[in-house]
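Input: a single structure, listed below in structure tokens.
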Amino acid sequence: MSSTLTRFAKGALGVGLAGSAFFTLARDELPDKVYFFKELLSKAKPQAEDEKKRIVVLGSGWGALSFLQRLDQSKFDVVVVSPRSFFFYTPLLAGVATGSVNFSSITESMRWHLGKLSNPPSFLQAHATDVDFDRQTVSCVTIGDDSSGSSNVTTSIKYDHLVVAVGAEPSTFGIKGVVEHSHMMKEIEDSLTVQKKLLSTLEYANALAASNAPASSVERALHWVVVGGGPTGVELTAELCDFKNSDIARYFPHLASKLKITLVEGTPKVLGAFSPHISKYAAGALEGAGADVMTGQFVTGVTERTITLKAAKGGGKSELDYGVMVWAGGIAARPITKKLAEAIGGEQLSGLGRGRIRGLKVDEKFRVLGVRNVWALGDCALSGCAPTAQAAYQQGMYLGRLFRDTGLKSGVEIEGAAGFKFRNYGSLAYVGSSKGVADLKIHLWGDRAPAGRGQEAESTVIEGTAAFGIWRSLYFSKMLSLRNRFQVGADWTIGSLFGREISTPWDLNGDLAGGKPKK
């Protein structure tokens, strides 16, 4: 009886905290709704096209899209440049890799989204390759259609203000063999590649078992290793365990008991940004779901069949045979970010060694140091914030409002505006078996705290099923569109009733998609 009451109390607490989180998030977005409602009722004369300042936005991630949502499109001429023509919802990336969510359910075309605005900005699918800060132009190379034999087209775009929001790319720390033999977990294409690799390796292991191949070959194919104990690595490991315990156990019962899932992390604990208590719970939950968690182990080399590890304490070396390896071990600056920092020089390079550029240095208003009319936000900006979707979203929100409210008419207004202040709403992670961890920071008073209260956040830690409920509720509510919510909800329902998709795609050459498994 007491355990039932405890579970009920935790569930009620979770619902209450989720409701508080919804309230605080909605409150922070209220000024935008009020602004655009007033503009709708306003009879002010529209600004002439030739008087509008041109804003070029590089990127299509959280920071770029949040910026565009807050910007008053009637005041500016906007051009968006990105090699990726869609936005994707990063918190559910691990679900795509294991088939619990379809990739199209978490993507939304930039053109669809920008088309909802009253004055849609232009969109160009291209790579930004260089910036001429003196002439204020961006050089871009469009993505050619190889199937028709057409070549890439180079173009130049003039700007009055440039917003760099290109994000970051996976970091391999120069470890030999990582690029050649592992799969990354950063983009939507990565998750699809991992999904294909997992399914093809399952079928390969099944064929080995049917042909009475040596047990060592089957065991190697069925050892799946995830490197990186941050939220991405932990959630992918959790999803893999769920996949093993449900669909693999059902459709490959003779392989499920042989499948081994290992999470490798170089630091002493997983989820290093969380409290030690949460990290310990997460590791225990993953192990309870069937994963091996190896902390304090650094990857020093990767070959086609083995991973070499070095212990953080003592320096002892060991090797792991593997069939699938997924790298979620950190991020680094993209080439265009490094190129811009080197071109600016001065403050951008001070205090850094060669090859140590991690992003563009910015001030409290996201102005890039050392150059005029260039702004940066998100993972490509060194703003003092952690490289998270939450931070990039808030930064885009701030900068969009700054542009909108000042109109960029004079530097005086920008100088007089308040600088950015990050508001941490906490962290969430899924740890498998319908369990989660949540460190929620509820800003009950916002910027209007009564005397004596300050603006500190009320922090609450929740674990288990209640945290999983909050994880799903908050992530579901923050999806961009009703279409995404409907599709993700349908995916979760179908997965619960009928299981995940386990069909293995084949290419036209007859090889297993995702690459030939290791022999």
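The values are calculated or read from the model by the stated rules, or taken from the named source; none is laboratory data. Note that this is a predicted model, so its numbers are computed, not measured. We place every Cβ from the backbone using ideal geometry, glycine too, and count neighbours over all the protein chains shown. The accessibility values were calculated without ligands, DNA or RNA, using every heavy atom of the protein model including side chains. Shrake-Rupley method; radii C 1.70, N 1.55, O 1.52, S 1.80 Å.
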Problem set entry | The lone exception for VAL153 - which of (1) open to solvent by 30 Å² or more (accessible area, probe 1.4 Å); (2) farther than 30 Å from ILE344 by Cβ; (3) hydrophobic (A, V, I, L, M, F, W, C); (4) touching a Gly at 6+ places or on another chain (Cβ under 9 Å) it fails | (2)
Exercise. Quick one: which of VAL227, VAL194, VAL178 is within 16 Å of LEU320 (Cβ to Cβ) and either surrounded by 22 or more Cβ atoms within 10 Å (Cβ to Cβ) or of a type outside the set (Val, Ile, Thr) (or both)?
Worked result: VAL227
For this session: Please go through the stretch 359-375 and pick out each residue that is open to solvent by 10 Å² or more (accessible area, probe 1.4 Å) and part of a strand (DSSP E or B).
Result: LYS361, VAL362, ARG367
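Here is a yes/no grid of residues against (1) touching a residue at least 12 places away in the same chain (Cβ under 8 Å); (2) open to solvent by 20 Å² or more (accessible area, probe 1.4 Å); (3) acidic (Asp, Glu):
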site	(1), (2), (3)
ILE188	yes, no, no
GLU203	yes, yes, yes
LEU208	yes, yes, no
ALA213	no, yes, no
PRO231	yes, yes, no
ALA249	no, yes, no
Problem set entry | Residue ID - nearest to SER433 (Cα to Cα), chosen from residues in the stretch 280-299 that are assigned to a helix (DSSP H, G or I) and open to solvent by 50 Å² or more (accessible area, probe 1.4 Å) | GLY288
For this session: Return yes or no: is PHE173 in contact (Cβ under 8 Å) with a residue 12 or more places away in the chain and under 30 Å from PRO121 (Cα atoms)?
Result: no
Problem set entry | Criterion violated by GLY266 - all others in (1) open to solvent by 20 Å² or more (accessible area, probe 1.4 Å); (2) under 23 Å from the mean Cα position of the chain (by Cα) satisfied | (1)
Exercise. Which of the residues that make up the stretch 113-144 are buried (at least 16 other Cβ atoms within 10 Å of the Cβ), at pLDDT 95 or above and polar (S, T, N, Q)?
Worked result: GLN136, THR137
For this session: Determine whether the stretch 388-411 contains at least one residue that is acidic (Asp, Glu), farther than 18 Å from ARG358 by Cβ and either assigned to a strand (DSSP E or B) or open to solvent by 40 Å² or more (accessible area, probe 1.4 Å) (or both).
Result: yes
Exercise. Which strands (runs of 3 or more DSSP E) does the stretch 420-519 wholly contain that include 1 or more residues that are surrounded by fewer than 17 Cβ atoms within 10 Å (Cβ to Cβ), at pLDDT 70 or above and touching a Lys or Arg at 6+ places or on another chain (Cβ under 6 Å)?
Worked result: 458-464
Exercise. Among the candidates PHE274, PHE243, which residue alone is assigned to a loop (DSSP other than H, G, I, E, B) and among the hydrophobic types (A, V, I, L, M, F, W, C)?
Worked result: PHE274
